[in-house]
Amino acid sequence: MEKTIHTEAYRDLIAWLKSCRERKGISMRELAVQLNVSHSWVAKVEQNERRLDLLEYVRLCNSLGVNPSTGLTKIKSALKDK
């Protein structure tokens, strides 16, 4: 089984989170401050170098003001198409 961080569905989820951040005009540094993590943590997540766990994903969505279920629906659709 392929590691989830390397799947197309995971990459799509991270791209969606990054686009949400950019649409809100929030820099990686600002997001890092909101999450109480380093700037490099955010960069590694957005560059698919670090995998988010479920709780981190929900915290990230909350900081961006987006509904976590929206991203999960995207993953579900992507996996169904496979």
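Laboratory data are not the source of any read-out in this text; all were calculated from the coordinates shown. Since we're looking at a predicted model, the values are computed, not measured. Glycine gets a Cβ as well: all are built from the backbone with ideal geometry, and neighbour counts include every protein chain shown.
Observations on the structure shown:
- Label-point separation, LEU72 to LYS18 (7 Å along Cα→Cβ), nm: 2.5 nm
- Helix-only mean residue ellipticity at 222 nm for the chain, each DSSP H run of n ≥ 4 adding -39500 (n - 2.57), per residue, nearest 500: -21000 deg cm²/dmol
- Angle in degrees between helix 68-80 and the longest Cα principal axis of the chain, rounded to the nearest 10: 30 degrees
- Remark: for residue pairs LYS24/LYS76; LYS24/LYS74; LYS24/LYS80, the C-alpha separation exceeds 23 Å in LYS24/LYS76; LYS24/LYS80.
- Note on the chain: Kirkwood hydrodynamic radius from all Cα pairs is 12.9 Å, rounded to one decimal.
- A straight chain from TRP41 to THR4 at 0.36 nm per residue would run longer than the Cα-Cα distance by 11.5 nm.
- GNM top mover of VAL58, VAL45, VAL37 - the chain, alpha-carbon springs below 10 Å: VAL37
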